[in-house]
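A quick write-up on the structure given underneath.
The values are calculated or read from the model by the stated rules, or taken from the named source; none is laboratory data. Here the structure is a predicted model, which means the values were calculated and not measured. Cβ sites come from the backbone with ideal geometry, for glycine too, and all protein chains shown count toward neighbours. The area values use the complete protein model at the heavy-atom level, side chains included, leaving out ligands, DNA and RNA. Shrake-Rupley method; radii C 1.70, N 1.55, O 1.52, S 1.80 Å.
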Amino acid sequence: MSALFSTQGLVLHTTNYSETSVIARVFTRLFGVKSFILKGVRGGKNKAKNNLLQPLSFLDMVVYNNPNTSINYVKELHIAEPFNAISADCMRTSVVFFLNELLYKTLREEEPNEALFDYVVETLEELDRTERLAPELPIRFMLHLATFIGLEPLDNQSHHEPLFNLKEGRYQAPPSRHSAAIDPNRDYLLNDEQSSHLHYYLAWVHGQNEKPILPLSQRRQLIDLLISYFSIHLDDFGTFKSHEILHAVLE
């Protein structure tokens with residue numbers, strides 16, 4: 001039996017359902033990721049309602065929830081907090097699209113994760129309120145997200161284990177000349193420079209050193225490597241696209 005609940009939500013994806021309705025995939029604070037039918041939000045007269053369903057719109061919602069059904073209904077929804085600076089700035093909007101695609105492709109379970117939900121909201125508030133866009137924000141977000149979903153890279157870098165293995169999620173010793181040619185993991189090894197950059201960022205997000213200062217090209221490369229890391233460890237991750245737009249606008 002369905003019951004009514006009040007919860008906050010972040011819109012991840014929408015699909016047209018009928019001439020006037022959509023199915024929205026929403027990361028809710030109370031239930032985790034859920035799908036909802038929203039009636040009467042499409043069409044010319046409903047443009048204002050449809051604007052509530054932009055990527056990562058932060059909503060106050062009253063929803064029906066039946067744990068025995070895969071799709072439920074929304075009774076009411078309103079903007080919980082408008083992010084006006086984001087909507088007016090193409091660079092900030094591109095970052096939001098990137099964060100949205102990352103969350104849509106990584107969040108699967110219909111289980112609450114209030115700490116992650118609050119972190120996403122805090123990141124959006126930072127993105128909206130700070131005068132200058134923090135260039136390290138995408139990398140920081142990816143590393144925190146990996147921790148929240150149980151994929152945190154192990155920062156065990158040492159003199160003896162200097163190279164990060166994307167598949168194993170940890171640092172390892174360089175393969176010997178003899179074993180390198182036959183090592184099945186050789187394609188997953190980052191080089192010395194890439195491994196060091198990842199180590200600097202991992203140490204920074206854990207409060208162990210100062211914020212790394214890297215050129216744009218190296219930050220881009222690290223973002224691409226972390227996308228590969230997620231795709232290796234998550235089934236159905238699929239092709240990632242929004243980072244290409246992000247790279248373009250951050251030039």
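Sort out which residues of segment 204-223 are within 18 Å of H144 (Cβ to Cβ), within 20 Å of the chain's Cα centre (by Cα) and not β-branched (V, I, T), and write them in order of number.
W204, H206, R219, L222
Residue check: is E81 open to solvent by less than 40 Å² (accessible area, probe 1.4 Å) and touching a strand residue (DSSP E or B) at 6+ places or on another chain (Cβ under 6 Å)?
When the stated conditions are applied, E81 passes them.
Out of curiosity, is E161 farther than 30 Å from G32 by Cα and not in a helix (DSSP H, G or I)? So that I can check it myself, show each step before the final result.
Working: farther than 30 Å from G32 by Cα: yes; not in a helix (DSSP H, G or I): yes.
Criteria met by E161.
Quick one: would you say T20 is in contact (Cβ under 8 Å) with a residue 24 or more places away in the chain, open to solvent by 50 Å² or more (accessible area, probe 1.4 Å), touching a helix residue (DSSP H, G or I) at 6+ places or on another chain (Cβ under 8 Å) and not in a loop (DSSP other than H, G, I, E, B)?
Numbers: in contact (Cβ under 8 Å) with a residue 24 or more places away in the chain: yes; open to solvent by 50 Å² or more (accessible area, probe 1.4 Å): yes; touching a helix residue (DSSP H, G or I) at 6+ places or on another chain (Cβ under 8 Å): yes; not in a loop (DSSP other than H, G, I, E, B): no.
When the stated conditions are applied, T20 does not pass them.
So which of L77, L56 ends up being touching a helix residue (DSSP H, G or I) at 6+ places or on another chain (Cβ under 8 Å), outside any helix (DSSP H, G or I) and farther than 28 Å from E244 by Cβ?
Unique residue meeting the criteria: L77.
Determine, yes or no, whether Q157 is buried (at least 17 other Cβ atoms within 10 Å of the Cβ) and free of Cβ contacts under 8 Å to residues at least 24 places away in the same chain. Write out each step before concluding.
Working: buried (at least 17 other Cβ atoms within 10 Å of the Cβ): yes; free of Cβ contacts under 8 Å to residues at least 24 places away in the same chain: no.
Here the answer is no, as Q157 does not meet what is asked.
Name the residues in segment 90-133 that are in a loop (DSSP other than H, G, I, E, B), touching a Lys or Arg at 6+ places or on another chain (Cβ under 8 Å) and open to solvent by less than 70 Å² (accessible area, probe 1.4 Å), would you? Lay out the reasoning, then the answer.
Within segment 90-133, the subset in a loop (DSSP other than H, G, I, E, B) is 107-113, 130-133.
From what's left, touching a Lys or Arg at 6+ places or on another chain (Cβ under 8 Å): 110, 112, 133.
Answer for segment 90-133, where residues must be in a loop (DSSP other than H, G, I, E, B), touching a Lys or Arg at 6+ places or on another chain (Cβ under 8 Å) and open to solvent by less than 70 Å² (accessible area, probe 1.4 Å): just L133.
I'd like the residue in segment 224-251 that is β-branched (V, I, T) and modelled with pLDDT of 95 or more and, out of all such residues, is farthest from P138 (Cα to Cα). If you could, list the steps in order and put the result at the bottom.
Restricting attention to segment 224-251, the residues satisfying the condition of being β-branched (V, I, T) are 227, 232, 239, 245, 249.
Those left that are additionally modelled with pLDDT of 95 or more: 227, 232.
Numbers: I227: 11, I232: 19 Å.
Residue satisfying both the conditions and the ranking: I232.
For segment 231-244, state whether one or more residues are among the polar types (S, T, N, Q) and over 23 Å from L107 (Cα atoms).
No, segment 231-244 has no match at all.
Can you confirm whether V63 is open to solvent by 20 Å² or more (accessible area, probe 1.4 Å), in a strand (DSSP E or B), hydrophobic (A, V, I, L, M, F, W, C) and closer than 19 Å to A3 by Cα?
Numbers: open to solvent by 20 Å² or more (accessible area, probe 1.4 Å): no; in a strand (DSSP E or B): yes; hydrophobic (A, V, I, L, M, F, W, C): yes; closer than 19 Å to A3 by Cα: yes.
In short, no.
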